[in-house]
Each structure stands twice: as C-alpha cells, then as structure tokens.
Amino acid sequence: METKMFHTISRVARSIRLRRAENDLRQLPDHMLKDIGISRSEISFAVRERNYRRT
C-alpha cells in the first residue's frame, strides 16, 4: 500500500514540476525561446518529453 501511495505522490509532484516549467517557459519572449531552440508551440512537448531534440 505504501508503494502505491509513493507512486501517486511522485506522479503528482512530477506533474507540478512540469506545469511550473511550462509556465516559466511561457513567460519568456519569443526571441529567448528561439535562443534555446524551441518555439512557443513546442513548449509543452519539450518539457514533457525526456528525449526531446529539435532537428
């Protein structure tokens, strides 16, 4: 039972971290996003995909 609770808490914490990262990136101006290699439409995908690499 503790393991299930741990995984649930872990998922919630990860979700919060990802949401914060997305929000932080959305606050950046477009030229700064371009400097780091992502467009505004790619923010969510870039944050959530571990192996995100723009080609």
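The values are calculated or read from the model by the stated rules, or taken from the named source; none is laboratory data. Nothing here was measured: the structure is a model prediction, and the numbers come from that model. Every residue, glycine among them, receives a Cβ derived from its backbone with ideal geometry; neighbour counts consider all protein chains shown. Just so you know, the surface numbers come from the protein's heavy atoms only, side chains and all, with ligands and any DNA or RNA stripped out. Shrake-Rupley method; radii C 1.70, N 1.55, O 1.52, S 1.80 Å.
The table below gives the values:
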quantity	calculated
Label-point gap, in nm, between V12 and D30 - each point 7 angstrom along Cα→Cβ	3.9 nm
Point-charge dipole on Cβ atoms (K/R +1, D/E -1) for the chain, about Cα centre, debye to 20	160 debye
Reciprocal of mean inverse Cα separation for the chain (Kirkwood radius, Å)	12.6 Å
Portion, in percent, of the accessible area of the chain that falls on carbon or sulfur, probe 1.4 Å	54 percent
Separation of the R50 and E22 label points, Cα + 7 Å toward Cβ, nm	1.9 nm
